[in-house]
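Data block below; observations after.
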Amino acid sequence: MSVAPVAIVLGSDSDWPEIEPGYRMLAELGLKAEVEVISAHRAPDRLREYVISAENRGIRVFIAAAGMSAALPGAIAAHTIRPVIGIPVASGALQGIDSLLSMVQMPPGVPVATVAIGSAGARNAAVLAAQMLALQDPATAEGLKKLKRKQVESVDKSSQALRERLSRE
Ligand code: RP5
């Protein structure tokens, strides 16, 4: 794939610290992503232009992260037939509950695949995007299998470490 297959769109650059682990996870899975900051409320026309041009350039999955009244993933989904994954960000007084509900409560016909609030959600958004791309991309499927093996190894290691700690008591 020559162009990055994934676009990560942030409502604000202040969202980046929570979203960066997802960007790193995509890289671990061998996937490039372009990153843009475009607020659905503060720059609505810019967002529409970006989504149309990104789809034309070959972006296959959009990941959108925003906090507070988070219209961003829904507004992207309104302009594209590509899948959109929404990450609620824990900003503002309600710490992401508001953005979670904004993203998950989309009207029928315009879905946003909404993941958990914050960095755990960002990592899962990356894995979910990879799973979508892996349907047609064997290299990405291989990256996902490797991740599964790594997770099993990590669980085995923690289990062994806990057993050893307990056996020393
Ligand atoms: C949302 O408002 C952004 O996604 C961010 O989570 C929140 C605050 O934005 P800033 O005021 O930090 O730019 O639109």
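Average the reciprocal distances over every distinct pair of alpha-carbons in region 103-169, invert the result, and give the Kirkwood radius in Å.
One over the average 1/r among Cα pairs gives 14.8 Å for region 103-169.
Can you compute the helix-only [θ] at 222 nm over the chain? Use -39500 (n - 2.57) per DSSP H run of at least 4 residues, normalise by all residues, nearest 500 deg cm²/dmol.
About -17000 deg cm²/dmol.
Under Stokes-Einstein, with the Kirkwood radius over Cα pairs standing in for Rh, what whole-number D in µm²/s applies to region 62-104 at 37 °C and 0.692 mPa s?
328 µm²/s
For ALA40, list long-range residues whose amide hydrogen, built 1.01 Å from N in the peptide plane, is under 5 Å from its own amide hydrogen.
Here LEU72 satisfy the definition.
Excluding ALA116 itself, calculate the net charge of residues whose Cβ lies under 14 Å from the Cβ of ALA116, where each Lys or Arg counts +1 and each Asp or Glu counts -1.
0
What does the charge add up to near SER159, with Lys and Arg as +1, Asp and Glu as -1, over the other residues with Cβ less than 12 Å from its Cβ?
Summing Lys/Arg as +1 and Asp/Glu as -1 gives 0.
Can you pull the Rg over Rh of region 1-121, Cα-only, Kirkwood?
0.93
Values in this text are rule-based calculations from the coordinates and carry no lab data. None of these values were measured; they are calculated from a predicted model. In this analysis, Cβ positions are derived from the backbone assuming ideal geometry, glycine residues included, and neighbour counts consider all displayed protein chains.
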